[in-house]
Amino acid sequence: MNRPLIRLSIRFAAGLLLMACATSVISVGFARGWFGNTVFGAVVMVVVFLGLYVYFFFITMRDMLNLTRESERETAELGIANRIQTGILPTVYPAFPDRTEFDIHALMIPTKQVSGDFYDYFFIDDRHLVMVIADVTGKGIPAALFMVIARTAIKNRSRQGGAPSEILYDVNNHLIEGNAAKMFVSAWIGMLDIFTGVLVSSNAGHECPVMTGEDGRFAVVKDKHGLVMGLRKNIKYTDHETKLKPGETLFLYTDGVIDAENESRERFGVKGLIDTLNRHTGMAPMELSEEVLEEIKRHEKKQDQFDDITMLVLCYAGTGGEGYVETELPADVESLHSAVDFVNAELERVRCPGRMTRKIDLALEELFVNIANYAYPDKEGKVVVRIGFPKPFVAQVELLDCGIPYDPLSREDPDVSLSFKERGAPGGLGIFMSKQIMDELEYEYADGRNHMTMRKRYANV
């Protein structure tokens, strides 16, 4: 409600009513001889009424001028708010000129000068790209302020590590604190391993993403929805995992895309979106989002935009491999340092915490020395050290050798509650320690090779 405008309207109406009354009184006065036989009384009445009218006129003009200035100031402030909001979102393209594994583009068209929608994308390490799209309830300045809080919380929490479901859990609890206005936000967050194409996502009451499949056609991905953030504490969210193949496209959007209406109140809808996307398969993200926007405008025709429109599009190109790197070393104890340095270089690249790196090093040392001492009893041999990241924040280290078949995991774990003498047969503590340090240890003998795999989640917050 614009109260200054209401006051101005009332005063203007009062001035018109006063003028009408003055005219009526003077006319009736002349007709009935209220002013006597002289004009003096009439002149006095005219001057009084005219003075009151002029007073109301100048008061009205002053309020109109103040209202105009206030409107101009609000417009200027909204313009500044729009520039601030635009400035905190990534808008420069290409977004990552040095990256060939993917192409990404996003756009946001607010119904007002500021929006409650937002998107974001950023790296949390050398290989994991986080993508976010969200929609705050309401429009205008309140929604924009809540949007800034939500975006900042998601970005800061993402950089601490953890699965998307854990990120949404913590951000939801954060947003509830001091949320007297009871605002809420729907959000989708995805974590893409750009080397493997593995995408782990979680959904807090947001629109389902759309992806191309093996046939190159777009279709809705039915992921499990959780409650929107900001309404209730300690909501558990679910992770959804899929794998993008080279050439596949991910399309994210807010409800302003599918809720766009024409003059007949017909929604653009999910069907309209899918049909549009499938008419433009193979397009780059920027061109694809612009085609969807044009189709929405054609659907709306002369109808005003219904809601904020936001889209985020990613086309995955891949790396030509599965994201694992390996080195072949002599199977001797002297090569242990080279193996550790090789693994540590990859762990450092993904910003693995030092305490987790040391645990991985301990297990790697035990398993590597075990191969060096026992795999090739009568000859020299080689060992392949391989490292990759099959899931966000999960390191996988593999050791492969062509030595004699031996499964170190088949040995019964020692009873560490007993003393050295009570345990009897010595040995086994190193493998036991590795089992305790790592999250998973697996052994397989295939194609004439021993294949030992160990996995460790290096962020658990």
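The values are calculated or read from the model by the stated rules, or taken from the named source; none is laboratory data. The shown structure was predicted, so the numbers you read here are calculated from the model rather than taken from an experiment. In this analysis, Cβ positions are derived from the backbone assuming ideal geometry, glycine residues included, and neighbour counts consider all displayed protein chains.
General observations
- Pick from the stretch 201-218, criterion in contact (Cβ under 8 Å) with a residue 40 or more places away in the chain and loosely packed, with under 14 Cβ neighbours inside 10 Å, ranking: farthest from Ala317 (Cα to Cα): Arg217
- Asp135 vs. criteria without any contact (Cβ under 8 Å) to a residue 12 or more places away in the chain and not in a helix (DSSP H, G or I): no
- Options Ala163, Ala153; residue that is without any contact (Cβ under 8 Å) to a residue 24 or more places away in the chain, more than 24 Å from Leu293 (Cα to Cα), of a type in the set (A, V, I, L, M) and touching an Asp or Glu at 6+ places or on another chain (Cβ under 9 Å): Ala153
- Considering only residues in the stretch 102-123 that are modelled with pLDDT under 90 and surrounded by fewer than 20 Cβ atoms within 10 Å (Cβ to Cβ), the one that is nearest to Glu261 (Cα to Cα) turns out to be Thr111.
- Answer residue from the stretch 378-409, given it is aliphatic (A, V, I, L, M) and modelled with pLDDT under 90 and is surrounded by the fewest Cβ atoms within 10 Å (Cβ to Cβ) among those: Leu409
- Residues of the stretch 212-223 that are more than 14 Å from Ala187 (Cβ to Cβ) and either touching a Phe, Trp or Tyr at 6+ places or on another chain (Cβ under 9 Å) or not in a loop (DSSP other than H, G, I, E, B) (or both): Thr212, Phe218, Ala219, Val220.
- Test: residue in the stretch 410-426 that is of a type in the set (A, V, I, L, M) and at pLDDT 85 or above: no
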